[in-house]
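Okay, so here's the structure we're looking at.
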Amino acid sequence: MLTSKITKILVIGIFLPPSVTSLKAEQITAKQISQVDQNHSIKDDAVQIKLKQITPYQDNVNLSGLINEDVIRFSLRKDQIVTNANLHLEYIPSPALLPTVSQLIVYLNNDIIATYPITQEQVGNKVVNNIPIDPNLVTTKNEIKFQFIGHYTDICENPIHSSLWLKILRNSTLQLNTAQIPVKNELSFLPFPFIDENDNQPSYIPIVFHGAPNPMQQQASAVLASWFATKSQWRGFQFDVTYNQLPKENAIVFITNQNKPDFLKNYAPVQQPTVELIDNPSYPNTKLLVLAGRNDQDLLLLAKALATSNIQLNGSKVLVNKLNELGKRQPYDAPNWLPIDQALTLGQIKTYSNQLTTAGYKLDPLRLSITLPPDLFALSKYSTSLNLKYRYTRPINPDDSKMLVYLNNQFLKTIRLGDSKDDNKLTLQIPVHQGLASDDAAFKIPGLLPEKTNELRFEPYFMSPVPGGTTTQCVTYQPVPNAVTIDDNSVIDFSKFAHYMAMPNLRVFINAGYPYSRMADLSETIIITPSNPTAQQMSLLLNTVGLISNKTGLPAYNLRVADKNTDLNKEDKDILLFADYHQDGNFAKLKIDNLHIQNGKNELTAPIDYSLGDKISRNDSAKVATQMTAQGNIGAIVGVESPYFKKRSVIAILANNNSSIELLNNVMINPNKFDISGGVSVIRESGVTNIDMGEQYHVGDLSAFEILQIKISKHPILAALIALLVLIIISFILAKRMKKIRHNRINND
């Protein structure tokens, strides 16, 4: 029997950029979607979904005489249909409105679903109406538009008069009865049904193994998880690993001919690597993506094939004969990062057409996202230039028309929109916050943050004349739309910057996946995990790798998970270590001295002796000192320089029990909610404690002369002594030269 399912992901009223909200996906009505799979029928037993916050920013929809329209948007998953819908509408019209001629019109996907004239009894009072909606009008992506027609006088009316308003209250609700429908087992739909482009909520993806996976199986699952993480984009994600348990949701299952979970014990042995999408045997309308191989090598091949789009997905099952390995990526070529080896036009940076154009009576802000490598650095350069070119309709009042520029919601500059031909270009200096060149605590001016996604926003405003006069002689004006376009040939230049950063720096790890994201495919990353990891430890591994790939926009198809035979002395790579406080063994261990558990209290005292096995190439094992007392569960993220290779990093993710792992998992799936920084971050249920400890080291590609300049700049007394020494040497050389010239002149005379 097919059952319906409560949708947890439907969000209404979130204004998304056109790249997200553009109706590229198939618009599916209730009649059309029922034909997705002719072998199944839809069970219309939906649960009612009530959505109370239907406006952006959880505010009222404010309509006026000039801005008399507004739109809210909501979407449905592709495997859902609406069987019943109702819009519960609450609004307050201005008490100054003229009855009857003032009205509110409601549209759904450009179809009128209700018209409400404003009566004398309603003006100034709260009005409640329920609008039944035809389910056939609801598609996968929908727009509800409110149009206000308001009048406050019959003569010489001013469309921007303050008395012309109507507020749609935020307590209005959209009530939807939905039913989940069966979908074909079609691999070409991937990453659907695990990730739906109409879904605005984080994607929850269970991954199942027969038992604790070995390093190669861990590597295969990490590669595949990184691919799903890139597909989730801004939505977020969460991977949840289980052993030999059948999830109730859509899930991914790794099996070999020798190791299968009990619920797939009858799955036929495969003769070559196979990926198949099948129905969940116990939970209707959910799917299992099965990666089946003869051995562990087959599982890794399948994961890489999916992550690199190396196979043609069609039908419910695909056999993979071979994999065309992709070569190693170049440093800093992550798809989500802007290159800094050349000047870039805004046309190269924008992500969809018309992103830098706005037109109409109400001009929407123009937004541009800028994501930079986190180790951006210039010795004496604190800003970059933006040669801005723009076009706009000629303003009636050029002295009062302007465009405001914001960077990360901080005001940056005002641009005058004049009537001269020369008023269409400008050079902006945009500050860049650098870890070595500026201190965030002291450097408060707006600037680009290399470790985060930055938003550059342009807000145009035009001044227009308004009607005036008297009842006997009225002067009227017809409002006209305006337009502003930022030229695609505008140039922003980061080519004067280099790559250099002081480490350890856990802020760039959480915000940008650095230093592992330096190679977007993680080809210079090696992962060390506990022997026989628990399901919780595997979840933490996948969420961490997913975090890095989500930041780069590229699957980590070249990462490695170390096994017991790996000689780290021969691996010139950055190390990502997952361990618990009591892990031992000769390969990868973390010793914490003076760890006591008394009456439920964990006392973590200095020092934390951090070592990576017995094969250390140098005797100076990295040490980090800290002292604190924590009540209950505690996890930690520790960054140090690798004991094997200089300028290589080790980040250890540590937990003392499963509850502590959940704390760390929460950090990885919600990185923006936590302030992680410094060299040591201790995560407790009460919050995060950051400690700047450990020996500092630097990574990057500066020349020896530039590094010398940096070191001298940090010691002003030394810089003064060097300058004095140079002056003395120059003076001595000049004195000797002048003496020789004088001697020669005397001899000649």
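Inspect all residues belonging to region 533-543 and state whether any of them is at pLDDT 95 or above, surrounded by fewer than 24 Cβ atoms within 10 Å (Cβ to Cβ) and either of a type in the set (Gly, Ala, Ser) or assigned to a strand (DSSP E or B) (or both). Looking through region 533-543, at least one residue is at pLDDT 95 or above, surrounded by fewer than 24 Cβ atoms within 10 Å (Cβ to Cβ) and either of a type in the set (Gly, Ala, Ser) or assigned to a strand (DSSP E or B) (or both). Kindly provide the set of residues from region 239-261 that are assigned to a loop (DSSP other than H, G, I, E, B) and among the aliphatic types (A, V, I, L, M), ordered by number. Residue satisfying the conditions is Leu246 alone. Checked across region 519-526, the condition of being buried (at least 22 other Cβ atoms within 10 Å of the Cβ), modelled with pLDDT of 90 or more, of a type outside the set (A, V, I, L, M, F, W, C) and touching a strand residue (DSSP E or B) at 6+ places or on another chain (Cβ under 8 Å) holds for at least one residue. When you look at Ile575, is it within 22 Å of Glu451 (Cβ to Cβ), surrounded by 24 or more Cβ atoms within 10 Å (Cβ to Cβ), hydrophobic (A, V, I, L, M, F, W, C) and modelled with pLDDT under 95, yes or no? Yes. Exactly one residue out of Glu143, Glu157, Glu197 is more than 30 Å from Lys265 (Cβ to Cβ) and part of a strand (DSSP E or B): that is Glu143. Scanning for something under 23 Å from Ile527 (Cα atoms) and either touching a Gly at 6+ places or on another chain (Cβ under 8 Å) or open to solvent by 10 Å² or more (accessible area, probe 1.4 Å) (or both), does region 272-287 turn up at least one residue? No, region 272-287 contains no residue that is under 23 Å from Ile527 (Cα atoms) and either touching a Gly at 6+ places or on another chain (Cβ under 8 Å) or open to solvent by 10 Å² or more (accessible area, probe 1.4 Å) (or both).
Screening Ile661 against (1) of a type in the set (Val, Ile, Thr); (2) under 13 Å from Leu540 (Cα atoms); (3) over 23 Å from the mean Cα position of the chain (by Cα) leaves a single unmet condition, (3).
Within region 247-290, being under 30 Å from the mean Cα position of the chain (by Cα) and either without any contact (Cβ under 8 Å) to a residue 12 or more places away in the chain or more than 15 Å from Asn185 (Cβ to Cβ) (or both) holds for Pro247, Lys248, Glu249, Phe254. Applying the criterion of at least 1 residues that are open to solvent by 30 Å² or more (accessible area, probe 1.4 Å) and modelled with pLDDT under 85 to the helices (runs of 4 or more DSSP H) found wholly in region 631-749 leaves 704-713, 716-748.
Of all residues in region 204-216, those satisfying the criterion of being touching a strand residue (DSSP E or B) at 6+ places or on another chain (Cβ under 6 Å) and either open to solvent by 10 Å² or more (accessible area, probe 1.4 Å) or of a type in the set (D, E, K, R) (or both) are Tyr204, Gly211, Pro215.
When Lys496 is tested against (1) under 30 Å from Ala343 (Cα atoms); (2) modelled with pLDDT of 90 or more; (3) in a loop (DSSP other than H, G, I, E, B), just one condition goes unmet, and that condition is (2).
When region 89-115 is filtered for residues that are open to solvent by less than 40 Å² (accessible area, probe 1.4 Å) and in a strand (DSSP E or B), the ones remaining, listed by number, are Leu89, Glu90, Tyr91, Pro93, Leu104, Ile105, Val106, Tyr107, Leu108, Ile113, Ala114. The one condition from (1) within 31 Å of the chain's Cα centre (by Cα); (2) free of Cβ contacts under 8 Å to residues at least 40 places away in the same chain; (3) at positive phi that Gly236 does not meet is (2). Checked against (1) touching an Asp or Glu at 6+ places or on another chain (Cβ under 7 Å); (2) at pLDDT 95 or above, Ser226 meets all criteria but (1).
Of all residues being at pLDDT below 85 and hydrophobic (A, V, I, L, M, F, W, C) in region 308-333, which is farthest from the chain's Cα centre (by Cα)? Just the residue, please. So the residue we want is Ile311.
The values are calculated or read from the model by the stated rules, or taken from the named source; none is laboratory data. Note that the structure is predicted; figures quoted are calculated from it, not measured. A quick note on method: Cβ atoms are made from the backbone with ideal geometry, for glycine too, and the neighbour counts reach across all protein chains shown. All accessible areas refer to the heavy atoms of the entire protein, side chains included, with ligands and DNA or RNA removed. Shrake-Rupley method; radii C 1.70, N 1.55, O 1.52, S 1.80 Å.
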